[in-house]
Amino acid sequence: MATVDEIAPGEHKVVPIGRWGVGVYNVDGRFYAIANYCPHEGGPLCSGRTHGVTVVDPEVPGGAAESRAGEFIYCPWHQWGFELATGTTAVKPEWSIRTYPVRVQGSDVIVTA
Amino acid sequence: MTIEMQRPKEVSQEMTEVRVVDSDIHPSPKRGELTPFLPAKFRSLFENRSTGAGSPVYYDAPDFAHSFAMRTDSFPSDGNFAGSDPDLMFRQVIMEAGCDLLILGPLNGGGQTEEEHHAVAQATNAWQDACWLDSEHNWHQRFRGSIVAAMEHPEAAAREIEHWAGHPMMSQVLIGAELRPAWGDPRYDPVWEAATRNGLPVACHLGRGQHNELPMSPVGFMTYNHDLMVSYSMLAANQVMSLVFDGVFDRFPDLQIVFIEHAFNWLLPLMWRMDAIHAKRGPENGLKRKPSDYVKDHIWCTTQPLDMPEDKLEFTRSLEWMEADKILLFSSDYPHWTFDDPQWVAKHLPAHMREKIMYQNALQVFKNLPETVPALPGQKRAL
Amino acid sequence: MDPEGRPVIDASVHVFFASDRDLRGYLNEPFKSRGYPDVDVAWFAPPDGVRYAPGTQTDVVIEQQAFGQPVQRVPGHPGSDPELVGRQLFEERGVDVAVLHPMSNAGILPDWHLGTAIFAGYNRMLVERWLDSGTYADRFRGTIRVNPNDIDGAVREINRYKDHPRVVQIGLPMQTQHPYGRPYFRPLWRAAVEAGLPVAVHIEMGVGITHPPTPSGITRTFSHLAAYQPMTFVWHLLNMIAEGVFEEFPELKIVWADGAADMLTPFIWRMDSFGRPHLEQTPWAPKIPSAYLADHVYFVHGALDGPGADAEFADDWLRMTGKEDSSMFGSSYPDWQMHSPDDLPRAWTPEQREKVLWRTAARLYGIDIPVPASA
Ligand code: FES
């Protein structure tokens, strides 16, 4: 579907699988694939931004910090976040997105849809 | 899905029925686009003030530094702000989402004095006329405009309404929400009078007033965008009570008010509450009818934000109890980040209310909307 | 007991001093000679002049008027005589236990020293006259009033009374400078939780250092104000949830004593719907907002609440958002709005009536009620 050097860490590529396409993400060398479709109102999920989740950290000014940077995709419409690896969310695990198994073979990234 | 649009655009001879009317959608001026429409005496003042000025956001929507409280896919490629490109709006809202008619509600801010508010309103109306509702940008005849009126200056607002009333593409009057006092005060009567005389509904959108820089509750300022935005409906709840108890609908029996983006589920218990106090205390201002009767005959709410509980049945039942088919008008709020997709909204409405809420009510409230429009090959139909 | 033999706990009975002179008898100098507003003021009073339910006035008390006027006999304030109140509630209105809430304006006075001194007078009066003496003392439970404009003083007052067996809750004004989620109030919640007492929030009498009662200024009619102001709880509650107050104080219980629980349903739907994206901004309150309601949030069910006595769907509505487990009947005696169990919706199930009339209040306040065999 793609080659490893096409998708640098922190980057992604939408490949034409299924009705909406599938986004392949490189998070620090680990590859994940999700449907480019948000289960909420159908937004184009992969046009959203990846970042981490906010956690309480009483040691820092403001009391909050980002954890697990880059491991979550946030929808471009209503900013719902989903974990790339599992497709789920901490707040409501039952609201999940479709994920696809990904493996790297040599220099190829292979998505099983 | 991407639909290619080529200029120049041709209107199809074939007509199609209007099935979705979007009563809340926000055009914005490209950089500098509004300035020529401002009265000359304000041009340099406004320009000077914004020289060196940055973002005035105090309550920030999620990921604001990247999203600017917008659908992030709605920014045009020319670097201007979301909502500034009529072609992109046409593509995303009409062709891809399937809204048939769009009631544009421009939010160009206000001023520091009554005259400044009025100047911005005048400029906004002339700008809509020239840059959105003209035959080039509105070649498809799907855009309708709002006569923006500065409630801070009711007499000037009434003159502005008179000036634009009768424009075939202007469908409502648009006012901001946060003014003091509430709408029942007789000082606003000239606006209601001008609107009803011209058969125009008056729509009210969230918008700053002059009393507090930010919306303030009776117990002080909220902390986050979350509690602020949710509690904003309390402001509309108060406007509804003011309109009813202060007798505005007895003074203006033809007045139609549209609350845009204030949510609506609260209207059900609010009607009970108003009826309960009315039953206990009688008609303090000589009200002729029961409060909930005024609501059903005079007040409309737009659907976005469509808030629902986990148990959808509770939502459906509450729509039935409030007779939502007499109250709701579909809206998307494009290009704001709280955008609601028309197909998604329609699917959550009880079948027997769907057509009324998605378009029939709008055709009744906005007097100059057509029931058919030139067809657009390739347009998604949401309903 | 109600006509069907169910116990009745009246979760909202308002108590007063008999007169200003009576209150001054509970103040020490310099506060005794200070100027402060009466509990009843003309501003936004009922236009028909009827502030209190007929028949609730105390017979007469002797009153020394100021400025050398002769001694006068004037009626005592409604809700000021424990014997009369007890007789009306327990002998005539079928109430079994009443939770008393002293009505004052001390929580919105500009001078917080004065406010705290007045509250101390109220609390001493409540305990001496109502909870520790009189025919009906064993059927009264009390609310200790504290001043949110004096956090240290409020904490001291809570600690002074927390071990009294008939003190069952702390009372705060609805009208504040800041919403109750702000961190400034934390010591209050901590003290209430350590005392094991729920906190009732009730509209303070009159006007003081409050913001206007609506986001758009004052109202033009009394009806508008009376129906709108109880909904003020919405701002406090949303802010408390988002600020993580219930996360930090898992034992904290709040009673919105002016009712308007019906508003909880649409506003918590909205807060949940909007919570999904916004929770990233408030990691101190990580749960979906509605998860913070159960066991934390209670309401007095008042005269303006609910879809009306005849609504066929009243039982379904009460079930939504857990209102059947958070609502407690409160008469507001002796207020003009006073209502009775007869006014409650007929469509409520017997279980719902039981919960609202006494079970929830008995559990929340730890009130032992002999349950009749038929119930
Ligand atoms: S469509 Fe993705 S968050 Fe709503």
Among the helices (runs of 4 or more DSSP H) confined wholly to region B:306-376, which include 1 or more residues that are modelled with pLDDT of 95 or more and more than 16 Å from the ligand (Cβ to nearest atom)?
B:312-322, B:351-355, B:361-365
In region B:194-240, the residues that are at pLDDT below 95, of a type in the set (S, T, N, Q) and touching a Leu at 6+ places or on another chain (Cβ under 8 Å)
B:GLN210
Matching helices (runs of 4 or more DSSP H) fully within region B:200-288 where at least 2 residues are touching a helix residue (DSSP H, G or I) at 6+ places or on another chain (Cβ under 8 Å) and more than 9 Å from chain C (Cβ to nearest Cβ):
B:233-245, B:248-251
Which residue pairs have Cβ atoms under 8 Å apart, sit 6 or more places apart or on different chains, and have a first residue in region A:35-58 that is closer than 15 Å to C:GLN281 by Cα and away from chain B (no Cβ under 11 Å) and a second that is outside any helix (DSSP H, G or I) and within 11 Å of the ligand (Cβ to nearest atom)?
A:VAL53/A:GLY81
Here is a check on your reading of the model: is B:GLU47 more than 14 Å from chain A (Cβ to nearest Cβ), in contact (Cβ under 8 Å) with a residue 40 or more places away in the chain and farther than 30 Å from B:LEU363 by Cβ?
no
Of the residues in region A:78-91 that are open to solvent by 20 Å² or more (accessible area, probe 1.4 Å) and within 15 Å of the ligand (Cβ to nearest atom), the one that is farthest from A:VAL111 (Cα to Cα) is A:VAL91
As an exercise: evaluate A:HIS12 against (1) touching a residue at least 12 places away in the same chain (Cβ under 8 Å); (2) open to solvent by less than 30 Å² (accessible area, probe 1.4 Å); (3) touching a Phe, Trp or Tyr at 6+ places or on another chain (Cβ under 8 Å); (4) more than 16 Å from the ligand (Cβ to nearest atom) and give the number of the one condition it does not meet.
(2)
Can you tell me which residue among C:TRP336, C:TRP317 is without any contact (Cβ under 8 Å) to a residue 60 or more places away in the chain and under 27 Å from B:ASN238 (Cβ atoms)?
C:TRP317
Can you name the residue in region B:347-372 that is in contact (Cβ under 8 Å) with a residue 60 or more places away in the chain and open to solvent by less than 30 Å² (accessible area, probe 1.4 Å) and, of all such residues, is nearest to the other protein chains (Cβ to nearest Cβ)?
B:MET358
Hey, can you tell me all the residues within region B:57-71 that are farther than 25 Å from B:TRP127 by Cα and either of a type in the set (D, E, K, R) or touching a strand residue (DSSP E or B) at 6+ places or on another chain (Cβ under 9 Å) (or both)?
B:ASP60, B:ALA61, B:PRO62, B:ASP63, B:HIS66, B:SER67
Only listed residue being more than 12 Å from the ligand (Cβ to nearest atom), open to solvent by less than 40 Å² (accessible area, probe 1.4 Å) and hydrophobic (A, V, I, L, M, F, W, C), chosen from A:ILE73, A:ILE17, A:ILE97
A:ILE17
I'd like the residue in region A:24-56 that is polar (S, T, N, Q) and assigned to a strand (DSSP E or B) and, out of all such residues, is nearest to the ligand (Cβ to nearest atom).
A:THR50
Where residues in region C:270-291 are open to solvent by less than 10 Å² (accessible area, probe 1.4 Å) and of a type in the set (A, V, I, L, M, F, W, C), which of them is nearest to the ligand (Cβ to nearest atom)?
C:MET271
Whichever residue in region C:306-358 is more than 14 Å from chain B (Cβ to nearest Cβ), of a type in the set (Phe, Trp, Tyr) and touching a Ser or Thr at 6+ places or on another chain (Cβ under 9 Å) and, among such residues, is nearest to C:SER80 (Cα to Cα):
C:TYR333
Got a sec? Which of B:GLU152, B:GLU116 is within 14 Å of chain C (Cβ to nearest Cβ) and within 21 Å of B:ARG49 (Cβ to Cβ)?
B:GLU152
Between residues in region C:234-245 that are more than 7 Å from every other protein chain (Cβ to nearest Cβ) and residues that are part of a helix (DSSP H, G or I), which pairs lie under 6 Å by C-beta distance while being six or more apart or on different chains?
C:ILE241/C:PRO289; C:ILE241/C:TYR292
Anything in region B:278-308 that is hydrophobic (A, V, I, L, M, F, W, C) and free of Cβ contacts under 8 Å to residues at least 12 places away in the same chain? List them, or say none.
B:ALA279
Looking at this structure, is A:GLU66 away from the ligand (no atom under 16 Å from the Cβ) and surrounded by fewer than 19 Cβ atoms within 10 Å (Cβ to Cβ)?
yes
Options C:ASP163, C:ASP138: the member that is assigned to a helix (DSSP H, G or I) and more than 17 Å from the chain's Cα centre (by Cα):
C:ASP138
Which condition number does B:VAL173 fail, the rest of (1) under 26 Å from B:LEU270 (Cβ atoms); (2) surrounded by fewer than 24 Cβ atoms within 10 Å (Cβ to Cβ) being met?
(2)
Members of region B:151-170 found to be open to solvent by 10 Å² or more (accessible area, probe 1.4 Å) and either farther than 18 Å from B:GLY109 by Cα or in contact with a strand residue (DSSP E or B) (Cβ under 6 Å, 6 or more places away or on another chain) (or both), listed by number
B:GLU155, B:ALA158, B:ARG159, B:GLU162, B:HIS163, B:TRP164, B:ALA165, B:GLY166, B:HIS167, B:PRO168, B:MET169
Select from region A:59-79 the residues that are hydroxyl-bearing (Ser, Thr, Tyr) and free of Cβ contacts under 8 Å to residues at least 24 places away in the same chain and list them in ascending order.
A:SER67
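The values are calculated or read from the model by the stated rules, or taken from the named source; none is laboratory data. Model, not experiment: these values are computed from the prediction. In this analysis, Cβ positions are derived from the backbone assuming ideal geometry, glycine residues included, and neighbour counts consider all displayed protein chains. In case anyone asks, the SASA skips ligands and DNA or RNA and just uses the protein heavy atoms, side chains included. Shrake-Rupley method; radii C 1.70, N 1.55, O 1.52, S 1.80 Å.
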